[in-house]
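Notes to accompany the following structure.
The values are calculated or read from the model by the stated rules, or taken from the named source; none is laboratory data. Just so we're clear, the structure is a prediction, and the values are computed from it rather than from any experiment. A quick note on method: Cβ atoms are made from the backbone with ideal geometry, for glycine too, and the neighbour counts reach across all protein chains shown.
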Amino acid sequence: MTTEVKPTPAPEDDTARLAGIAPAGAVAALRAARADATRYTQGSFDALFDARATGLSLAERLAAASYAAGLSAAPEAARAYRERLLASGSSADGAIAALDRFVADGVTHANAADTRLGAILTHTHALATLSPSADRSALLRLKQAGLSTPDIVALSQLVAFVTYQVRLAAALRALEATA
């Protein structure tokens with residue numbers, strides 16, 4: 001008697017989806033050989049974008065992620081996070097409008113840092129550029145905008161993750177192109 005082995009569905013893998021790699025291709029097989037790295041990357045994504053997380057709203061986190069991806073010259077990732085933001089619920093419209101105004105006006109806009117989302121995006125800009133910087137006054141603006149220390153740490157982790165994710169997706173696309 002032989003036992004039929006049923007394939008298990010592939011776990012959620014937002015980075016592979018973002019990179020556009022074939023689920024059964026050579027790059028997917030390579031990633032399967034490094035299952036821990038893939039699992040930990042997805043686990044970080046899941047934790048950072050959990051709708052039930054407290055502190056920063058999901059709309060604030062997705063707006064920051066979209067902006068960080070855009071700053072990292074990853075328009076497809078910026079678009080993917082923006083689409084998640086649009087699908088996230090009632091606060092999405094306000095966050096999209098604020099994000100669009102912020103991007104159009106730039107970080108030097110006088111009113112941008114006066115709002116909570118403006119302060120979040122200003123901090124995102126400071127961390128997601130080629131010369132990351134965050135000084136005491138920038139952290140104070142976040143505090144004045146109502147962010148707690150754990151919120152600021154979570155935001156900084158989110159920006160670091162998104163910049164890592166877009167670079168990983170670019171590397172996976174490059175591997176896929178040569179496979």
When you look at residue 38, is it β-branched (Val, Ile, Thr) and either at pLDDT 90 or above or within 15 Å of the chain's Cα centre (by Cα) (or both), yes or no? yes
Is it true that some residue in the stretch 42-50 is modelled with pLDDT under 90, within 19 Å of residue 157 (Cβ to Cβ) and out of contact with any strand residue (DSSP E or B) (no Cβ under 7 Å at 6 or more places or on another chain)? no
Residues within the stretch 135-179 that are over 19 Å from residue 69 (Cβ atoms) and either in contact with a strand residue (DSSP E or B) (Cβ under 8 Å, 6 or more places away or on another chain) or among the small types (Gly, Ala, Ser) (or both), tallied: 7
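Would it be correct to say that residue 82 is farther than 20 Å from residue 118 by Cα and not aromatic (Phe, Trp, Tyr)?
Values: farther than 20 Å from residue 118 by Cα: no; not aromatic (Phe, Trp, Tyr): yes.
No, not satisfied.
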When you go through (1) surrounded by 21 or more Cβ atoms within 10 Å (Cβ to Cβ); (2) touching an Asp or Glu at 6+ places or on another chain (Cβ under 8 Å); (3) assigned to a helix (DSSP H, G or I) one by one for residue 81, which number turns out not to apply? (2)
Matching entry among 64, 59, 69, 98 (being touching a helix residue (DSSP H, G or I) at 6+ places or on another chain (Cβ under 7 Å) and modelled with pLDDT under 90): 98
Of all residues in the stretch 23-41 being of a type in the set (A, V, I, L, M) and either in contact with a strand residue (DSSP E or B) (Cβ under 6 Å, 6 or more places away or on another chain) or within 13 Å of residue 178 (Cβ to Cβ) (or both), the one that is surrounded by the fewest Cβ atoms within 10 Å (Cβ to Cβ): 26
Considering the stretch 10-68, residues that are in contact (Cβ under 8 Å) with a residue 40 or more places away in the chain and polar (S, T, N, Q), and then whichever is nearest to residue 123 (Cα to Cα), we arrive at 44
